[in-house]
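A quick write-up on the structure given underneath.
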Amino acid sequence: MDFQNIIFEKDEFSATIRLNRPEAMNAINGELVQEMEKALDAIEDDPLLRATILTGTGNAFCVGADLKFILGELKRERPLKEGFLGDVSHLLARLESLPVVLIGAVNGIALAGGLELLLCCDLIIADEN
């Protein structure tokens, strides 16, 4: 799988999803949500997996929604509730119901939707910084 907004790695018993938009402090946009959905498909389809780590790249875990992306959606007059926010809500529900242990590895700031991502985790480990 070729991803731009996340790094997805999987070995025999575990997987890692790394948010990979460090220039935007790993803010959530529509493409990141779609890529995470594909990664979750792969996780759910693998009966050997036991755990997944969710983390970020750079100095932030995730600062929430990408406001530039949201502004673009509003300019296109796309309804957020049925579009982007509905997609994020679906993603959060999938994270909460993953059939494997989900570990949030907090590598930096976690705000708004980033905190919501962490609240879906079964266990959260934070860096001292």
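The values are calculated or read from the model by the stated rules, or taken from the named source; none is laboratory data. No experiment lies behind these values; they were computed from the predicted model shown. Note that we place each Cβ from the backbone using ideal geometry, even for glycine, and neighbour counts take in every protein chain shown. The protein model used for the area step is the full one, side chains on, heavy atoms only, and it has no ligands, DNA or RNA in it. Shrake-Rupley method; radii C 1.70, N 1.55, O 1.52, S 1.80 Å.
If you go through the stretch 1-28 and keep only what is loosely packed, with under 15 Cβ neighbours inside 10 Å and under 22 Å from SER97 (Cα atoms), you end up with GLU9, ASP11, GLU12, PHE13. Assess whether GLY72 counts as being modelled with pLDDT under 95 and in contact with a helix residue (DSSP H, G or I) (Cβ under 7 Å, 6 or more places away or on another chain). Judged against the criteria, GLY72 is not a match. You will find that of PRO79, PRO22, the residue that is more than 16 Å from the chain's Cα centre (by Cα) and either at pLDDT 95 or above or more than 17 Å from LEU118 (Cα to Cα) (or both) is PRO79 and no other.
Among the residues of the stretch 65-73, none qualifies, meaning not one is surrounded by fewer than 16 Cβ atoms within 10 Å (Cβ to Cβ) and closer than 19 Å to PHE3 by Cα.
Consider the stretch 29-64 and keep the residues that are free of Cβ contacts under 8 Å to residues at least 12 places away in the same chain and assigned to a loop (DSSP other than H, G, I, E, B). The one that is surrounded by the fewest Cβ atoms within 10 Å (Cβ to Cβ) is PRO47. Residues in the stretch 109-129 that are free of Cβ contacts under 8 Å to residues at least 12 places away in the same chain and closer than 23 Å to ASP66 by Cβ: LEU119 alone.
Contact map, the stretch 80-98: residues that are under 13 Å from GLU37 (Cβ atoms) and in a helix (DSSP H, G or I) paired with residues that are among the charged types (D, E, K, R) and at pLDDT 85 or above, Cβ distance under 9 Å, separation 6+ or inter-chain. Pairs shown: ASP87/GLU37; VAL88/GLU116; HIS90/GLU37; LEU91/GLU37; LEU92/GLU116; ARG94/GLU37; ARG94/GLU44.
Of all residues in the stretch 47-78, those satisfying the criterion of being polar (S, T, N, Q) and under 19 Å from PHE8 (Cβ atoms) are THR52, THR55, THR57.
Please tell me if VAL101 is open to solvent by 50 Å² or more (accessible area, probe 1.4 Å) and either over 11 Å from the mean Cα position of the chain (by Cα) or not polar (S, T, N, Q) (or both). Against the criterion (open to solvent by 50 Å² or more (accessible area, probe 1.4 Å) and either over 11 Å from the mean Cα position of the chain (by Cα) or not polar (S, T, N, Q) (or both)), VAL101 qualifies.
Of the set (1) surrounded by fewer than 19 Cβ atoms within 10 Å (Cβ to Cβ); (2) closer than 22 Å to GLU9 by Cα, all apply to LEU117 but (1).
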